[in-house]
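What follows draws every value from the coordinates through simple rules; no lab data is involved. In this text, all values refer to a predicted model and were calculated from it rather than measured experimentally. Using ideal geometry, Cβ is built from the backbone for each residue, glycine included, and neighbour counts are taken over all protein chains shown.
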Amino acid sequence: MNLYSKDDILNQAKELAAMIAKTNEVEFFKKAEAKINENENIQQIIKQVKNLQKQSVNLQHLDKEKAQADTDSKIEQLLAELDEFPIVKEFQQSQVEVNDILQLVSVTIANGVTDEIIKSTGGDVLKGQTGSKVKNKK
């Protein structure tokens, strides 16, 4: 049996990260982000939202509930306005797709490690039991 070091595993993880960074989903994400950063209208709304969010936090600390509620309402309106831009929706969708890839990789690795542990101990993969569990089951 060939044993790997943490460094071996991290090097493979870096290679995998580089591969993921070169997917169509990540490329689309980068292009959408660039378009958002270039759009002055979107940037102005984002700036307003950030300022209002700071105000909301300050109002919360000062126990100014009505003013905070008004500020939060303005934030929601601006966020709804942002969602009307097609590029914003596309960017959000691309974030979901990239996160889905990352989640899929994570789950695949976790399941693969579990399956390898079960197999290497003579266990039952279908039942999710290691060899010692199978042998000691009465």
Burial ranking of peptide ranges 20-26, 67-73 (average Cβ count within 10 Å, highest at the top): 67-73, 20-26
Distance histogram in 10 Å bins (all Cα pairs of segment 1-60, percent per bin): 18, 22, 21, 21, 13, 5, 0
Separation in nanometres of the label points that stand 7 Å from Cα toward Cβ, at residue 11 and residue 102: 2.6 nm
Axial C-alpha extent at least 30 Å, average Kyte-Doolittle at least -0.5 - helices from the chain (DSSP): 86-120
Structure-based [θ]222 nm, the chain - -39500 (n - 2.57) summed over DSSP H runs of at least 4, per residue, nearest 500: -27500 deg cm²/dmol
Amide H within-cut-off set for residue 129, under 5 Å, with H built and near neighbours excluded: 124
Square roots of 5 times each gyration tensor eigenvalue, C-alpha, the chain, largest first, Å: 47, 23, 14
Test item: Cα-centred dipole of segment 42-138, Lys/Arg +1 and Asp/Glu -1 on Cβ, debye: 780 debye
